[in-house]
Amino acid sequence: MSANHQLSAADLTLGYADRTIVEKLSIAIPPARFTVIVGANACGKSTLLRGLARLLTPRAGTVYLDGRAIHQMPTKEVATLLGVLPQTPVAPDGITVADLVGRGRYPHQGWFRQWVAADDAAVANALQATDTLDLAGRAVDELSGGQRQRVWIAMALAQETELLLLDEPTTFLDINHQVEVLDLLTDLVHERGRTVVAVLHDLNLACRYADHIVAMRDGKVAASGTPPEVVTPELVKSVFGMDAEVVSDPVSHTPMIVPVGRHKVKAKLKAAAE
Amino acid sequence: MSTTGFAPVGTVVAVRRRLQRRYALVMALLAVLTLAAIGLALAVGDYPLPLAEVVRSLLSPFTGNVEPAGDFIVLGVRLPRAVAGLLAGGAFGLSGVLFQSVLRNPLASPDIVGITMGASATAVAAIIVFDWSGTAVSLSACVGAVVIALLIYGLSWRNGVTPYRLVLIGIGMSAIAGAVVSYLFTRARIFDVQEALAWLTGSLNGASFEHLAPLALALLVLTPVAAVLWRSLNALQLGDDTAKALGTRVELSRLGLIIVAVLLAAAATAAVGPVAFVAFVSGPIARRLLGPAGNALLPSALVGGLVTIGSDFVAQHMLGRNQLPVGVVTGAFGAVFLIYLLAAAHRSGRGG
Ligand SMILES: Nc1ncnc2c1ncn2[C@@H]1O[C@H](COP(=O)(O)OP(=O)(O)OP(=O)(O)O)[C@@H](O)[C@H]1O
Ligand SMILES: [Mg+2]
């Protein structure tokens, strides 16, 4: 049922004012897979995501959606194919949850096509999927950080796009809701053939849920592939500058990173690390 | 996606209905208050008329039931004045809520980001330097509003315009235009000063229907445009990134909305002068009435008209024997409201 849309970038250079953040980066997002981008703070994950989502105009290079240069496509057409959740979205004062999530229907409406029953259904589905249906009538600015985050995810879901790019969708969420959101995104990928790209900071959850993982360092792709291929102690050291053991996750048998800091470390390991 | 039972959709529909009901209620309330204010404005004065008499006068062009003295007072004097208040207040209200929404800042009304001050500078120059009057002054005001808007937009352009930069540059330009006005006053003859001051305060004195025609035309054309653009405003309010993600052409929509807002402020200022703070208070009052019930466009226009007619009534009839221009009352009201807004923002920890 999915048309399996292709998103890729060739020699993409992105920056702000006089600073170049991402330089000559090429990437292909595997369709109908869950791709996770990881990397240290300020390494350019959000910048790359914004570039891929045509929110940032490239200095050089091109982003392709189904073989067409995305920045040349009508932005509204893109919006029906590709949904984005930015890292820090802003909600207007006093807006209700249902109203905010309803704004995700914007690309499906137009001069002649106003609000219809399908929009209500999409909003209801998105609210239910993110466990926020009982918040529908509440004001967004009166919610907890985690509730608000789930409402924003609901807004992106209500857009009902084949491609979904999410910048840190699990920040602010408690462990249970993190897992629920990632399960939900996995359902979208595996049951509906959607393509999902998410920036995550929790490496263990990233390894568990990602079909494809992209590790970034200083605006470049340091490594990409399946989590077992990519996530090694050497990679963690080079990307995050931190010593770590990589063991097998007892639940999913995916790589699990156990950080080694300066304290609370067994003497034997400490010696090995030095 | 499959719909899982009726309950979730029912919840969503119920919320939407509730907001629609509240919107309808607010609109009805504002319409009734506006009608009442117009009724009062037509009935009260040095020559008080009973309401029945007012209605008879209003209908006399159709019924032929003419009574020259009463008709002159109602149709020739008080009605144009009330209509001037309604139209100018409505245009200021629309302009204000557009600015505040586009720039995502409740303080960013045209009287604060310099549009009305730009109009004032050129109008005062027209009066003091060129000795113009009437329509020429109105036209100068329009030109001033548009020119200062272009300057502000141009100066804040750097790979696109961010709302915050636009507000800051607007405030700066407003100060510069204010300085121009002060400078012009130092060079003026005393008679011109009086005329310029009267214009600067903003007043509905001597309003006539011919005089209001350009403003009415501007409203007739620009209100539907604003209503159409409001749809993209719903997306713009979520921040530039989300708006772009939803398929809005952000720069284009923002420019279109600002142009409409500037033209409305210019037309209103040209007609009645820069009546202080009407543009500033209308949007926030409308939003407080609406709560989360959405589209503040038309409610803000009604609030603007109501505030102007109400303030004119106070200025004319409730401040002793001196009849003051409407701008004095709206200025005082707006200042109090500004303090209230800042205090409320401070309490809720949102600071503006
Ligand atoms: N709007 C902006 N203007 C100027 N510089 C920016 C802007 N946004 C980000 N940057 C800079 O670009 C660099 C990369 O930022 P980016 O937001 O892409 O990092 P990130 O990998 O998403 O980090 P985090 O994990 O903290 O979200 C940083 O040095 C940041 O300061
Ligand atoms: Mg980021």
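Applying the criterion of being polar (S, T, N, Q) and over 18 Å from the mean Cα position of the chain (by Cα) to the residues of the range B:90-146, the residue that is most open to solvent (accessible area, probe 1.4 Å) is B:Thr135. Residues of the range A:36-59 being out of contact with any Leu (no Cβ under 6 Å at 6 or more places or on another chain), closer than 19 Å to A:Arg217 by Cβ and away from ligand 2 (no atom under 12 Å from the Cβ), which ones? Within the range A:36-59, A:Leu52 is the sole residue that qualifies. Confirm whether A:Thr62 is away from ligand 2 (no atom under 16 Å from the Cβ) and within 11 Å of chain B (Cβ to nearest Cβ). Considered against the rule, which asks whether it is away from ligand 2 (no atom under 16 Å from the Cβ) and within 11 Å of chain B (Cβ to nearest Cβ), A:Thr62 comes out as no. Being without any contact (Cβ under 8 Å) to a residue 24 or more places away in the chain and not hydroxyl-bearing (Ser, Thr, Tyr) is true of B:Arg249. Residue-level check: of (1) part of a loop (DSSP other than H, G, I, E, B); (2) in contact with a Gly (Cβ under 6 Å, 6 or more places away or on another chain); (3) buried (at least 24 other Cβ atoms within 10 Å of the Cβ), A:Pro169 misses just (2). Evaluated against (1) without any contact (Cβ under 8 Å) to a residue 24 or more places away in the chain; (2) closer than 25 Å to B:Leu264 by Cβ; (3) open to solvent by less than 20 Å² (accessible area, probe 1.4 Å), B:Val26 falls short on exactly one condition, (1). One residue stands out in the range A:186-207 among those that are open to solvent by less than 10 Å² (accessible area, probe 1.4 Å) and of a type in the set (Val, Ile, Thr): the one that is nearest to ligand 2 (Cβ to nearest atom), namely A:Val199. Applying the criterion of being surrounded by fewer than 12 Cβ atoms within 10 Å (Cβ to Cβ) and under 22 Å from A:Asp211 (Cβ atoms) to the residues of the range A:1-25, the residue that is farthest from ligand 1 (Cβ to nearest atom) is A:Met1. Quick check on the range A:195-204. Is at least one of its residues under 13 Å from the mean Cα position of the chain (by Cα), within 16 Å of ligand 1 (Cβ to nearest atom) and without any contact (Cβ under 8 Å) to a residue 40 or more places away in the chain? Yes, the range A:195-204 has at least one match. Evaluated against (1) more than 9 Å from chain B (Cβ to nearest Cβ); (2) under 19 Å from the mean Cα position of the chain (by Cα), A:Gln87 falls short on exactly one condition, (1). Among the conditions (1) within 14 Å of chain A (Cβ to nearest Cβ); (2) open to solvent by 20 Å² or more (accessible area, probe 1.4 Å), B:Val12 misses just one, which is (2). The set of residues in the range A:69-92 being within 16 Å of ligand 2 (Cβ to nearest atom) and open to solvent by 70 Å² or more (accessible area, probe 1.4 Å) consists of A:Gln87, A:Thr88. Checking each residue of the range A:146-164 against the condition of being out of contact with any Leu (no Cβ under 8 Å at 6 or more places or on another chain), among the basic types (Lys, Arg) and more than 30 Å from A:Glu77 (Cα to Cα) gives no match. Considering only residues in the range A:129-151 that are polar (S, T, N, Q) and open to solvent by less than 20 Å² (accessible area, probe 1.4 Å), the one that is farthest from the other protein chains (Cβ to nearest Cβ) turns out to be A:Gln149. Summed over the range B:318-349, residues that are touching a Leu at 6+ places or on another chain (Cβ under 9 Å) and in a helix (DSSP H, G or I) total 7.
A count restricted to the range A:111-128 and to residues that are within 9 Å of chain B (Cβ to nearest Cβ), part of a helix (DSSP H, G or I) and not charged (D, E, K, R) stands at 9. A:Leu205 - would you say it is within 22 Å of A:Pro227 (Cβ to Cβ), of a type outside the set (Val, Ile, Thr) and modelled with pLDDT under 95? No; evaluated as a whole, the condition is false for this residue.
Within this structure, A:Arg33 fails the test of being within 13 Å of ligand 1 (Cβ to nearest atom), of a type outside the set (Gly, Ala, Ser) and within 22 Å of A:Val181 (Cβ to Cβ).
The values are calculated or read from the model by the stated rules, or taken from the named source; none is laboratory data. These numbers come from a predicted model, not from an experiment. Neighbour counts run over all protein chains shown; Cβ positions are idealised from the backbone, glycine included. Accessible surface is based on the protein model in full, side chains and every heavy atom, while ligands, DNA and RNA are left aside. Shrake-Rupley method; radii C 1.70, N 1.55, O 1.52, S 1.80 Å.
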